[in-house]
1. Check which residues have an amide H placed less than 5 Å from I107's amide H, if you skip close sequence neighbours.
2. Convex hull volume of the Cα atoms in region 148-292, per residue, in Å³?
3. How do the peptides 210-221, 281-292 rank, highest first, by the average count of neighbouring beta carbon atoms within 10 Å per residue?
4. Return T260, T77, T255, T124 ranked ascending by Cβ neighbour count within 10 Å, so the fewest neighbours appear first.
5. Tell me, in nm to one decimal, what length is gained between C301 and N331 on full extension, where the rule is 0.36 nm per residue of separation less the Cα-Cα distance?
Amino acid sequence: MENSNPDNFIASEAKQSSPSTTSSAVTGLDKSLYTRHSGLDPESSISTPPVIPAKAGRWSPKGEIHKIIPIGLLFLTIGIVLGYFIAIYLPVSKIPESINPQLKNCIPRPACLDATPRCMIPETPDMCPRTITPSISPIISELPSGSQIIKDELSRYKIVVPSDWKLIEHGSSFQNSNTIQAPDGSSLQIDILDSESSNLISYLAKLDEINKTSWEGKPGSKVISTTKSSLLGLPAIERVEEWLAPGFITVSTYTLANKTVYRFSVYPGSEDDYRKTIVFSNYQTILNTFEPLSPTSGFVCPTTDYVDCMPGPGAVKPQCSSEFISWASANCPNFQGAAL
């Protein structure tokens, strides 16, 4: 049976021809037809493999990585060397104390100046700059045998002491002093010395001048040592003093709040050394509970039109103070004044 397919015929003819006659055998054929079936270039006796195009979307990062890594190492090395020389040789600027004298020997800044609402303590040039410090809470849990709050009769301050201590009552002439006695006979004396001061150091200088002749023309006390400190953010000065008139040595802490100077002193009682007393063993803990109050924080309008301010024995009546009379006149609608 004859093969009528031209393609089969060309293939059979190619098989029957010898390698030496391949070129002549394809001379008369259509080059495109030959190329499609044989895969060979008719002008060359050497076969060339077909070129396979690269698939789109594929990228080999090997060459790029080799370029990036040396550049990254170069920048890293430069950064390390530059940082080293800056840290070693670049001078650090400092604010000289001659330009900012507050950085040396300044009085601790009261924390209430930066609180909200702000207290009425005036700022003075000798105060330290504002710093962010953790707040200090009064230490009450360490007081032995429970605790009690002692509040000034004129609501100027309050303080926490052990519950077995007792407040000694004074007459009206001692309205600026409170004595709190411990079981061993020693006492904590709290005195309000001045209510118009703006600088603690200046006030103590005036007090020392007065003490030179306060005891019958002779010195009433002698300062043994002085230490600057702070009391819950308030400026404070602790001094060991010899009180010449009563004849004992004690420790006194002075602080300034709301333009008022407070003094906390240890009265040793029958003990010769104040450091052996119960009061001194609790001294710093008790001072940490001190809280100055606004002069009007404890005021309440009286239930009558007049308050009884007739003179008599006993402690001073808080409602008869000039501060209360002024406050009640401005804030209590039916208040008429003091009955004398």
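1. M127, C128
2. It is 114 Å³ per residue.
3. Details: 210-221: 12.9, 281-292: 18.4.
Packing order, densest peptide first, comes out as 281-292, 210-221.
4. Values: T260 19, T77 10, T255 23, T124 16.
Least crowded to most crowded, the residues run T77, T124, T260, T255.
5. Result: 10.0 nm gained on full extension.
Readers should treat all values here as calculations from the given coordinates under stated rules, not as data from a laboratory. Keep in mind that this is a model prediction, so the values were computed, not measured. Quick reminder, even Gly has a Cβ in these numbers, built from the backbone with ideal geometry, and neighbours come from all protein chains shown.
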